[in-house]
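Have a look at the structure below before the remarks.
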Amino acid sequence: MAIVAPSLLAADFLHLQHEVEMVNQSEADWLHLDVMDGQFVPNISFGPMVIEFVKKVTTKTCDVHLMIEEPSRYFEQFKKAGADHINIHIETCPRLHQDIQQIKAMGLKAGVAINPHNPASLLSDIIADVDIVLVMSVNPGFGGQQFIPNTLNKIREIKKLIREKGSSALINIDGGVTLGNAAEIVAAGADVLVAGSTVFGSKDPLGAIRELKKL
Ligand code: DX5
Ligand code: ZN
């Protein structure tokens, strides 16, 4: 059964409490929180302050996705705000191994995120150290984009790498996950599905989460 992580980015921010409570009532496992700085990605979203408020209401695991330059400057703040997982981009971390160890030393799960143009092989020397590989299936920055088909090959390659390196990392897919393509994403080897528009854009978000959970 897939782990399902609705992405709050697609929620109605005027009614954030209501949206978070909807996720509480659902079969979702994690709540995915997209932090964007307008530098690493062209968009700006929200930071630790919003996560702190969300944490007061949510009963789900907070999966924080940092799309920001020099993320290690903010690890402590995100931990304080309530992050359970911190995912950082391989593209933003020249000392990735050190940053991953730092997240784990704080008692959090550590994830490495990888952009669509970067090959699975880039993960080879870090995959045994991480808890999560966050595979971007769109270019990060915006919700509601189309799933990039090559991601399916990449998932299979990462799965192979995980076996070869004796890693216990979960493969999490982020971007363009729909009720139409989720089955083949899971069949390729994904363990976790992030879904923004598919959940919050639906007339029946609880039903959409239930459908994803069936996979
Ligand atoms: C994109 C974010 C995603 C986004 C996914 O940069 O990392 O988490 O919310 O949105 P959908 O599911 O709408 O593609
Ligand atoms: Zn994300």
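Checking the stated criteria, Val186 turns out not to satisfy the condition of being within 16 Å of ligand 2 (Cβ to nearest atom) and not small (Gly, Ala, Ser).
On inspection, Leu179 fails the criterion of being of a type in the set (A, V, I, L, M, F, W, C), in contact with a strand residue (DSSP E or B) (Cβ under 6 Å, 6 or more places away or on another chain) and within 16 Å of ligand 1 (Cβ to nearest atom). Residue count for region 27-66 under the criterion of being within 18 Å of Leu108 (Cα to Cα) and within 13 Å of ligand 2 (Cβ to nearest atom): the result is 11. Only one entry of Pro94, Pro42 meets the criterion of being without any contact (Cβ under 8 Å) to a residue 60 or more places away in the chain and farther than 17 Å from Pro6 by Cα, and that entry is Pro94. In region 80-114, the residue that is surrounded by the most Cβ atoms within 10 Å (Cβ to Cβ) out of those that are of a type in the set (Lys, Arg), over 22 Å from Gln39 (Cβ atoms) and away from ligand 2 (no atom under 16 Å from the Cβ) is Lys104.
Rundown of residues vs (1) of a type in the set (Gly, Ala, Ser); (2) surrounded by 16 or more Cβ atoms within 10 Å (Cβ to Cβ); (3) assigned to a loop (DSSP other than H, G, I, E, B), yes/no style:
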| site | (1), (2), (3) |
| --- | --- |
| Asp125 | no, no, yes |
| Val133 | no, yes, no |
| Asn153 | no, no, no |
| Lys160 | no, no, no |
| Glu164 | no, no, no |
| Ile171 | no, yes, no |
| Val177 | no, yes, yes |
| Gly180 | yes, no, yes |
| Ala190 | yes, yes, yes |
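Restricting region 135-151 to residues that are outside any loop (DSSP other than H, G, I, E, B) and more than 9 Å from ligand 1 (Cβ to nearest atom) leaves a set whose member that is nearest to Asp29 (Cα to Cα) is Val135.
Quick note: the coordinates plus some simple rules give every number you see, no bench work behind them. Given the structure is predicted, the values throughout are model-derived calculations rather than measurements. Ideal geometry is used to build each Cβ from the backbone, glycine not excepted, and the neighbour counts take in all protein chains shown.
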